[in-house]
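First comes the structure, then the notes that go with it.
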Amino acid sequence: MSAPFTPPAESVVDRFLRYVRIDTQSQEDQTTTPSTAKQWTLAKLLVEELKQLGVSDVRLSDYCMVYATIPANAPGGASLPVIGFIAHVDTSPAVSGAGVSPVVHRNYRGGDIVLPEDPTQVITVAQHPVLNDLIGDDIITTDGTTLLGSDDKSGVATIMTMIDVLRQNPHIEHGTIAVGFTADEEIGVGIDKFDVKAFGADFAYTVDGGTLGEVSDETWSARMATVTFHGKSAHPGTAKGVMVNSIYALADYVSRMPKDMLPETTEGRVGFVHPYSGVADVQESSIRILLRDFELTGLDAKERLLRDLASATEQAFGGVTVTVDVKENYKNMREVLKDHPQLMENAFEAARRAGLEPFTTPIRGGTDGSKLTFRGLPCPNIFTGGHEFHSKLEFNSRRGLEKTTETLVHLVQIFAERGEGAR
Ligand SMILES: [Zn+2]
């Protein structure tokens, strides 16, 4: 931590290395929140550590959500907006999080990084040019056998260290700060159990992003279509003139997907349709399709397209009826965040004060913030310095963690400086 802060009692790197060793992997298709009991281990530890950091108002919910409030110390603090910070304790079900053994590559000199316990796992400069910016930094990787869990223990560690820094530096003025550590983010359901009212913030940031300086106020608008093809089953021996095999209609429909509108052919701001799983059966076949676009008009157009293609297939296959059922998953949070421009401005200013160059790119996915924003808690996403989430090549660095922490400390100061007008 650079001047003008007195350093935290425990460095953000040491804190991070402690948290990643705790297995908190979540699991799909469970009926409880949290989906796995092991997430309690870190949540309970955080409750204890928050108390040790002098935070008196710490609560742990039945759904493994940690809430804490740090009182304002700025003059007139009660009139300042309450700013929240949110990170998730769970790690992705995609790669094992058991027995994480982090490796610190001190004073990185450039070149590819071979992970010690599995030499086939290599972080190459060619595929990760960001390594060129990390010369002289301490890079933190796994040993090659698990994920690292930087997503999102970087968010957890930097928020905790921000609290530590504020405690060591009582001269840093801030309004009321709300902190939330959530479960089951990676399986997309935990946030439904997050109590926005109890959290008590006017605005919040998820600290769950990537490259240093990247702040995001845009996610997909997302829907899912289930297209069902109704045919007619019959014994194959006596099927002539009777059977209507819906599988052919399904195949026809999928073949009509525009090839330039798929995940494998699009990037940047261009949305897609994505048939991703289905059931094929004579009597009834169905396919599930993801629809993604940054604009609601674009999403509407994709939904119309899927319905038009259904009519075309229906016409081509006499006797088959096709139904299209569309559900909303989440909406682009920018629809709301555009009315709160100070959230991005202040985050950009905080990053600049930490010596970073802030920038924004739309997220080709959703965040917990996209749901919270539409539940009345406007919530952009801030970087953590981490890379290659959900893989054995996941990494972060000392500077990544320190600069993220520094940005959070600047951010609470900026909201206090800008006063009530920051609301
Ligand atoms: Zn995450």
message: Please go through the range 339-386 and give me each residue that is closer than 19 Å to Phe5 by Cβ and among the acidic types (Asp, Glu), ordered by number.
response: Glu349
- prompt: Any chance the range 210-217 includes a residue that's of a type in the set (Gly, Ala, Ser), under 30 Å from Lys44 (Cβ atoms), crowded, with 24+ Cβ neighbours inside 10 Å and within 16 Å of the ligand (Cβ to nearest atom)?
  reply: no
- prompt: Scanning for something in contact (Cβ under 8 Å) with a residue 40 or more places away in the chain and closer than 19 Å to Gln168 by Cα, does the range 24-38 turn up at least one residue?
  reply: no
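Go through the range 169-186 residue by residue and tally those that are within 16 Å of the ligand (Cβ to nearest atom) and over 25 Å from Tyr19 (Cβ atoms). First the steps, then the outcome.
Just the residues of the range 169-186 that are within 16 Å of the ligand (Cβ to nearest atom), to begin with: 180-186.
Adding the requirement that they be over 25 Å from Tyr19 (Cβ atoms) leaves none.
Qualifying residue count for the region: 0.
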query: For residues in the range 333-373 being modelled with pLDDT under 95 and polar (S, T, N, Q), which is farthest from Leu134 (Cα to Cα)?
result: Ser370
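Regarding Ala74, is this residue farther than 18 Å from Gln39 by Cα and either more than 16 Å from the ligand (Cβ to nearest atom) or under 26 Å from the mean Cα position of the chain (by Cα) (or both)? I'd like the intermediate steps shown before the answer.
Numbers: farther than 18 Å from Gln39 by Cα: yes; either more than 16 Å from the ligand (Cβ to nearest atom) or under 26 Å from the mean Cα position of the chain (by Cα) (or both): yes.
Against the criterion (farther than 18 Å from Gln39 by Cα and either more than 16 Å from the ligand (Cβ to nearest atom) or under 26 Å from the mean Cα position of the chain (by Cα) (or both)), Ala74 qualifies.
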statement: Flagged in the range 374-399 as over 21 Å from Val82 (Cβ atoms) and within 14 Å of the ligand (Cβ to nearest atom), in numbering order, are Phe383, Thr384, Gly385, Gly386, His387, Glu388, Phe389, His390, Ser391, Glu394, Asn396
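Tell me yes or no: at least one residue of the range 374-396 is in a loop (DSSP other than H, G, I, E, B) and free of Cβ contacts under 8 Å to residues at least 24 places away in the same chain.
Within the range 374-396, the subset in a loop (DSSP other than H, G, I, E, B) is 375-380, 383-386, 388-394.
Narrowing further to those that are free of Cβ contacts under 8 Å to residues at least 24 places away in the same chain: none.
No; the residues of the range 374-396 include none that is in a loop (DSSP other than H, G, I, E, B) and free of Cβ contacts under 8 Å to residues at least 24 places away in the same chain.
Name the residues in the range 119-162 that are in a loop (DSSP other than H, G, I, E, B), of a type outside the set (Val, Ile, Thr) and either farther than 28 Å from Phe5 by Cα or away from the ligand (no atom under 16 Å from the Cβ) (or both), would you? Give the derivation first.
Our first condition is that a residue be in a loop (DSSP other than H, G, I, E, B); within the range 119-162, this holds for 119-121, 124-128, 135-138, 142-149.
Within this subset, residues satisfying the condition of being of a type outside the set (Val, Ile, Thr) are 119, 121, 126-128, 136-138, 143-144, 147-149.
Pro119, Gln121, Ala126, Gln127, His128, Gly136, Asp137, Asp138, Asp143, Gly144, Leu147, Leu148, listed by residue number.
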query: Checking Val227 against (1) within 30 Å of Asp308 (Cβ to Cβ); (2) within 16 Å of the ligand (Cβ to nearest atom); (3) modelled with pLDDT of 95 or more, which test does it fail?
result: (2)
Among residues of the range 355-394, those that are under 16 Å from the mean Cα position of the chain (by Cα), crowded, with 20+ Cβ neighbours inside 10 Å and closer than 21 Å to Thr124 by Cβ, counted: 6
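Among the residues of the range 364-373, write down those that are hydroxyl-bearing (Ser, Thr, Tyr) and either more than 11 Å from the ligand (Cβ to nearest atom) or part of a strand (DSSP E or B) (or both).
Residues satisfying the conditions are Ser370, Thr373.
The values are calculated or read from the model by the stated rules, or taken from the named source; none is laboratory data. Owing to the predicted nature of the structure, the values given are computational and were not obtained by experimental measurement. As a convention, Cβ positions derive from the backbone with ideal geometry for all residues, glycine included, and neighbour counts pool all protein chains shown.
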